[in-house]
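Since the structure comes first, as structure tokens, the remarks are kept for the end.
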Amino acid sequence: MKTYITILLLAATALLQFSCKKDFLAKSDPTRIDQSLFYKDQTQIEQAINGNYGLLQSIANTQWLFNEMVSDNTTFDFNPDDRGQADKIESYETWTYTAVNGNITDWYNLHYRAVYNVNNTLFRMQQAPLTDSLKKVDEGQLKFMRAYLYFELVQYFGDVVLITQPLEKPSDAWNYPRKPQDSVYAQIERDLQDAIGGLPVKYAAAHLGRATKGAALSLLGKMYLTRKKYTEAISTLNQVLPLGYTLMPEYADVFDPAKKNGPESIFEIQYQGGNDLGEWSGFIYTFAPRLSKDAVTGFAQSNPPGWNVPTNDLINAYEENDKRKAASVGLDFKSPVTNQVVPYIKKYQHPHTIYGRTDDNWPVLRYADVLLMLAEAINEKDGPTSNAYNYLNAVRKRAGLVNASGLAQAAFREKVLHERRMELAFENWRWFDLKRTMTTQELTAFLNAYGAKEKANPTIPRQGIPSSANDYKFEPFRALYPIPNNELIINKGLGQNPGY
């Protein structure tokens, strides 16, 4: 994995250079890599693929805002002295985001920038003299990434622009219309089926962290579950079981940087701290409580903003003796202003040697997730069978909890959703889980009930400053994010999601 990480920065830089128009300057720049001279062999293609993996880091760095803060899982530490983020970050928790929100614009563009580079690499690599086996592995990784990107886009925005070919110039994209969600999901399915056929079950140690057959199967199973295709989900996820994944003995070990890419890991976004390579993570510096300085990060110069704070609603949902609570939520810091405990996400709090440069990977797909998806799909298709209980209880046993039993189908459904919330807390699946398992009307009622509780009794006291009148009022149209206003100006044919 070290070799893989080391060349991520170089490869990502090369990809940025490829994104420029070929005729931008009449003279060639000797410091840039000409696309026509690159993609000539497996080494160069591997560098380009690593650059695509590097773009996933940018997505993981802010994904919490769109998948956790918008849900009932996390909130923010209100800062009365700095209101600069009220309409940018706080608006996701309070459901007041608009089409001119800069974070939505950046999020949308970041995904399409990554799609562009995947498409470009898939096209350019065809000129290289590769063996069929190498070509299948390379294409499999790229198609897995494209499927992952579109799986996110379609759930965030609904109908989206679907591009699977390289673009000669940026303006070419301005004429693409949004495609119906069915078409987007069909492309995701095609990409993942291709990836499954070409990817290996495992890689050599130097290439740990790349997409595998298990990752493609797991994402395809999740896509089928999202589409309520339970038979297909069960069949696909069952193919993951014999691939050698197992639950880690201790829940906290899953997130330990010293044990990254372990037997439970199916796909995680790779980072490397403790050096100057530019591939470090820094999640704890974003999630640590405001005013905590070195109490959580270990470095006195820290000035954490206090984002993505675990809510009281989530903390109170842990069952007694659930080991996941201590591993996931820190409750050991008191605000010097209010003298009250300020919770924080502990999953990504690990010792590190250089300020701001942590070694934590970001988990995307885990074996526990696969077991819970199987339990859910089986229950939806056949009710709570013995196999459904076995998969659910394997996860509960590791958490130190007693087996679930004697539940009707609806109660089992609620139990699985609860387990997913506890098991996958702060791993950026809560928003999609809520949208998948509830109708829009149910989601609206559910979130408004949570919002009323949080507004009346904030997880972190607001120092006497009340919430705005429009805060915590979830409306059905907000189940989809708005298409950024800038994109509507560029491409008149996109059309806005209703309500915005």
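The values are calculated or read from the model by the stated rules, or taken from the named source; none is laboratory data. On a predicted model such as this, the values are computed, not experimentally measured, just so you know. Reconstructed Cβ throughout: ideal geometry from the backbone, glycine too, with neighbour counts over all protein chains shown.
For this structure, a couple of remarks:
- Qualifying residue in the range 164-176 (condition: farther than 28 Å from Asp433 by Cβ and in contact with a Gly (Cβ under 7 Å, 6 or more places away or on another chain)): no
- In the range 463-488, the qualifying residues are those that are among the acidic types (Asp, Glu) and closer than 19 Å to Gly451 by Cβ, and the one that is surrounded by the most Cβ atoms within 10 Å (Cβ to Cβ) is Asp471.
- Only listed residue being within 28 Å of Arg83 (Cβ to Cβ), at pLDDT 95 or above and of a type in the set (Lys, Arg), chosen from Lys325, Lys347, Lys293, Lys260: Lys293
This table checks each residue for (1) within 13 Å of Lys347 (Cα to Cα); (2) surrounded by fewer than 18 Cβ atoms within 10 Å (Cβ to Cβ); (3) in contact with a His (Cβ under 9 Å, 6 or more places away or on another chain).
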site: Phe255; (1), (2), (3): yes, no, yes
site: Asp276; (1), (2), (3): no, yes, no
site: Ser292; (1), (2), (3): no, no, no
site: Leu314; (1), (2), (3): no, no, no
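- Note on the range 423-445: residues that are within 28 Å of Gly400 (Cβ to Cβ), out of contact with any Ser or Thr (no Cβ under 8 Å at 6 or more places or on another chain) and of a type in the set (A, V, I, L, M, F, W, C) amount to 2.
- So Gln187, is it farther than 15 Å from Phe144 by Cα, modelled with pLDDT of 95 or more and in contact with a helix residue (DSSP H, G or I) (Cβ under 8 Å, 6 or more places away or on another chain): no
- For the range 180-207, a residue qualifies if it is buried (at least 18 other Cβ atoms within 10 Å of the Cβ) and outside any helix (DSSP H, G or I), and exactly one does: Leu199.
- Some residue of the range 160-168 being surrounded by 18 or more Cβ atoms within 10 Å (Cβ to Cβ), assigned to a helix (DSSP H, G or I), in contact with a Leu (Cβ under 8 Å, 6 or more places away or on another chain) and modelled with pLDDT of 95 or more: no
- Gly495 vs. criteria among the small types (Gly, Ala, Ser), surrounded by fewer than 16 Cβ atoms within 10 Å (Cβ to Cβ) and touching a strand residue (DSSP E or B) at 6+ places or on another chain (Cβ under 9 Å): yes
- Criterion: closer than 30 Å to Asn470 by Cα, among the hydrophobic types (A, V, I, L, M, F, W, C), surrounded by fewer than 14 Cβ atoms within 10 Å (Cβ to Cβ) and at pLDDT 95 or above - qualifying residue of Val154, Val100: Val100
- Residue check, Phe446 of a type outside the set (D, E, K, R) and farther than 27 Å from Ile266 by Cβ: yes
- Helices (runs of 4 or more DSSP H) wholly inside the range 339-449 containing at least 1 residues that are touching a strand residue (DSSP E or B) at 6+ places or on another chain (Cβ under 8 Å) and more than 30 Å from Thr96 (Cβ to Cβ): 367-382
- Residue match in the range 209-218 (condition: touching a Leu at 6+ places or on another chain (Cβ under 8 Å), among the basic types (Lys, Arg) and either part of a helix (DSSP H, G or I) or over 18 Å from Ile266 (Cβ atoms) (or both)): yes
- Residues of the range 326-338 that turn out to be free of Cβ contacts under 8 Å to residues at least 60 places away in the same chain and in a loop (DSSP other than H, G, I, E, B), as a count: 4
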